[in-house]
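Colleague: Would you mind keeping the following structure in view while I ask a few things?
The values are calculated or read from the model by the stated rules, or taken from the named source; none is laboratory data. As the structure is a computational prediction, the values presented were derived from the model and not from experiment. Cβ atoms come from the backbone with ideal geometry, glycine included; neighbour counts cover every protein chain shown.
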Amino acid sequence: MTSARTPAASAARPEEQAAARTDARPQVVYVWQYREWGGAQTYLLGQIPRVRRHYDVRVLIPDGSTPILLHDLARRGIAHETFGPAVASAPAAGLRARLTDRAGRRRSALALERYVRQTTPPGSILHCDIGPWYAFPLLRRLLRRYRVVVTLHTAVLKPSPARAASWRFKLARLFRQSGFALIAANRDVRGSLAPYVSPPVLSRIPIAYSFVDRDEIQQARQVRLSRADLAQRFDLPADRFWVVTLGQFIERKGCRELLAAAARLDPAQYQFLWIATEPPHAAQAALIAAARLGRCFQIVTHGDLGGDRATLLAALATADAFALPSLQEGLPLALIEAMAVGLPCISTRINAIPEAIESGVSGLLIPPGSVDALVEALETLRRDPDLRTRLAAEGRRRADTQFELTTTAEATLKVYDELRRDAVR
């Protein structure tokens, strides 16, 4: 196990660190078990400046976490510690892969529990991005010494009857513990929990939305970055209709649908730019090559843009439109950020996305999986600059008023404070 600490702390053993922290302010420890970087981490890390006003904060991540996450932590001035092996984020296919995945989850859970017990005073709050149905034994053990908060970002899928019964049992056991709390990141998530918890429990689950950081948006507006700059850097034509997407290049984000739509549109009119968290692996590169779009469809990474958030958001703002034809989502932060920087947005009528976009008012919504609808929406925006202006203005207004950091942080702090009060009753 390794950790990123200050030089003075690095010489102390974990047990000594825990003893030193016992007399400190109450502590919140943010923790997850996967290496990848995404909206969930941005959601948690973005609240830390507000949380630090009331609590000491630590961040625990697995070994080998992506450099993008490490850069984001450094940019925010947040030290981190690593506890051991990660879990696989991709679903396992086949019996052997599932058994390997299960063994990996067990190793990661044991390493995390061991590290937390060695370094964290009893009674601290652990804020986890960990599914309670998959990590039920780990959460139960942690609840013997700590208060545990879990934020769910994506609606619960409908499982088999046997698995649904198991989830009801697990959630009931967790909610019986006075030290457990669950936060829903949107209304869709909370509604999806209705089959698994009682109505009184459901009514007590707070909603803390994904948010945009106004300071980051303001910093992005001050970055001197133009469409011509990006076109020159990546050898792209600047005079086409630029459609940008931000996020992992994966199927649930609608990458196949966007490729298919691009293939049906006039390449002399469009330039697609997907800003991904990392370069495409072999299978993704093959998928892009099979579409035969050439330079019309280009993937760049956060690192290609310089790695900092202000430049990333400034690059986003140079496009004409944002498209995210997701098949499964929570409320994607990338969509809220695109609205905040003033882009007209196209997305799908699934999960929590309609909580942000009212179709025809603050963006355009299409059925998931419909390439025809995606082509039509893109052509509509390209041909109607007045519509783009209206959608962008209302989208930006909603992002500024409905999805704001302070509101989310205050809702989260209220959960922390209630857990601490319950502990002393």
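Colleague: Quick test of your reading of the structure: Leu182 fulfils all but one of (1) buried (at least 16 other Cβ atoms within 10 Å of the Cβ); (2) assigned to a helix (DSSP H, G or I); (3) within 25 Å of the chain's Cα centre (by Cα). Name the failing condition by number.
Modeller: Exception for Leu182: condition (2).
Colleague: Regarding the stretch 321-344, can at least one residue be identified that is on the phi > 0 side of the Ramachandran plot, touching a residue at least 24 places away in the same chain (Cβ under 8 Å) and within 19 Å of the chain's Cα centre (by Cα)? Full working, then the answer.
Modeller: First, the residues of the stretch 321-344 that are on the phi > 0 side of the Ramachandran plot: 342.
If we keep only those that are touching a residue at least 24 places away in the same chain (Cβ under 8 Å) as well, we get 342.
Next cut, within 19 Å of the chain's Cα centre (by Cα) only: none.
No: zero hits.
Colleague: Give the residue, chosen from Val189, Val197, Val150, Val156, that is within 22 Å of Leu112 (Cα to Cα) and in contact (Cβ under 8 Å) with a residue 12 or more places away in the chain. Quick ask: steps written out before the conclusion?
Modeller: Working: Val189 fails: within 22 Å of Leu112 (Cα to Cα); Val197 fails: within 22 Å of Leu112 (Cα to Cα); Val156 fails: within 22 Å of Leu112 (Cα to Cα).
Result: Val150 is the single residue among Val189, Val197, Val150, Val156 that is within 22 Å of Leu112 (Cα to Cα) and in contact (Cβ under 8 Å) with a residue 12 or more places away in the chain.
Colleague: May I ask you to list the residues in the stretch 398-425 that are over 20 Å from Arg50 (Cα atoms) and over 22 Å from the mean Cα position of the chain (by Cα)? Working first, answer last.
Modeller: Our first condition is that a residue be over 20 Å from Arg50 (Cα atoms); within the stretch 398-425, this holds for 398, 422-425.
Of everything in the stretch 398-425, those that are over 20 Å from Arg50 (Cα atoms) and over 22 Å from the mean Cα position of the chain (by Cα) turn out to be Asp422, Ala423, Val424, Arg425.
Colleague: Taking the stretch 367-425 only, how many residues are more than 21 Å from His153 (Cα to Cα), of a type in the set (Ser, Thr, Tyr) and surrounded by 14 or more Cβ atoms within 10 Å (Cβ to Cβ)?
Modeller: 2
Colleague: Any chance you could count how many residues in the stretch 138-154 are part of a loop (DSSP other than H, G, I, E, B) and over 19 Å from Leu110 (Cβ atoms)?
Modeller: Initial filter on the stretch 138-154 (part of a loop (DSSP other than H, G, I, E, B)): 143-146, 153-154.
Adding the requirement that they be over 19 Å from Leu110 (Cβ atoms) leaves 153-154.
Going through the stretch 138-154 one residue at a time, the tally reaches 2.
Colleague: Among the listed residues Leu387, Leu364, identify the single one that is over 23 Å from Gly38 (Cβ atoms) and part of a strand (DSSP E or B).
Modeller: Values: Leu387 fails: part of a strand (DSSP E or B).
From the options Leu387, Leu364, the qualifying one is Leu364.
Colleague: Under 9 Å between Cβ atoms, which residue pairs at least 6 apart in sequence (or on different chains) link something in the stretch 45-69 that is touching a residue at least 60 places away in the same chain (Cβ under 8 Å) with a partner that is aromatic (Phe, Trp, Tyr) and assigned to a loop (DSSP other than H, G, I, E, B)?
Modeller: Here the result reads Gly46/Phe211; Gln47/Phe211; Asp63/Phe83; Thr66/Trp37; Pro67/Trp37; Ile68/Trp37, each pair linking the stretch 45-69 to a residue that is aromatic (Phe, Trp, Tyr) and assigned to a loop (DSSP other than H, G, I, E, B).
Colleague: Here is a further query. Can you name the residue in the stretch 277-311 that is under 23 Å from Ile217 (Cα atoms), within 19 Å of the chain's Cα centre (by Cα) and not β-branched (Val, Ile, Thr) and, of all such residues, is modelled with the highest pLDDT?
Modeller: Out of the qualifying residues, it is Ala310.
Colleague: Would the stretch 248-255 turn up any residue that is assigned by TED's automatic domain parsing to the domain that holds Gly294, aliphatic (A, V, I, L, M) and at pLDDT below 95? Break it down stepwise before answering.
Modeller: Of the stretch 248-255, the ones assigned by TED's automatic domain parsing to the domain that holds Gly294 are 248-255.
Adding the requirement that they be aliphatic (A, V, I, L, M) leaves 250.
Those left that are additionally at pLDDT below 95: 250.
Taking every residue of the stretch 248-255 in turn, at least one turns out to be assigned by TED's automatic domain parsing to the domain that holds Gly294, aliphatic (A, V, I, L, M) and at pLDDT below 95.
Colleague: Quick one: is Pro267 touching a Gly at 6+ places or on another chain (Cβ under 9 Å) and over 22 Å from Thr42 (Cα atoms)? Explain how you work it out, then say what you get.
Modeller: Details: touching a Gly at 6+ places or on another chain (Cβ under 9 Å): yes; over 22 Å from Thr42 (Cα atoms): yes.
Yes.
Colleague: Say whether the condition of being part of a loop (DSSP other than H, G, I, E, B), among the aliphatic types (A, V, I, L, M), within 24 Å of Ile68 (Cβ to Cβ) and out of contact with any Ser or Thr (no Cβ under 6 Å at 6 or more places or on another chain) is met by at least one residue in the stretch 247-265. Step through it out loud before you land on a result.
Modeller: Applying the first criterion (part of a loop (DSSP other than H, G, I, E, B)) to the stretch 247-265 yields 247-250, 254, 265.
From what's left, among the aliphatic types (A, V, I, L, M): 250, 265.
Now drop any that are not within 24 Å of Ile68 (Cβ to Cβ), which leaves 250.
With out of contact with any Ser or Thr (no Cβ under 6 Å at 6 or more places or on another chain) added as a condition, the list becomes 250.
Checking the stretch 247-265: at least one residue is part of a loop (DSSP other than H, G, I, E, B), among the aliphatic types (A, V, I, L, M), within 24 Å of Ile68 (Cβ to Cβ) and out of contact with any Ser or Thr (no Cβ under 6 Å at 6 or more places or on another chain).
Colleague: Looking only at the stretch 372-380, decide whether some residue is at pLDDT 95 or above, closer than 21 Å to Arg256 by Cβ and in a strand (DSSP E or B). Even if it seems obvious, please write down each step before you answer.
Modeller: The first filter runs over the stretch 372-380 and keeps only residues at pLDDT 95 or above, leaving 372-380.
If we keep only those that are closer than 21 Å to Arg256 by Cβ as well, we get 372-379.
If we keep only those that are in a strand (DSSP E or B) as well, we get none.
No, there is no match, as no residue in the stretch 372-380 is at pLDDT 95 or above, closer than 21 Å to Arg256 by Cβ and in a strand (DSSP E or B).
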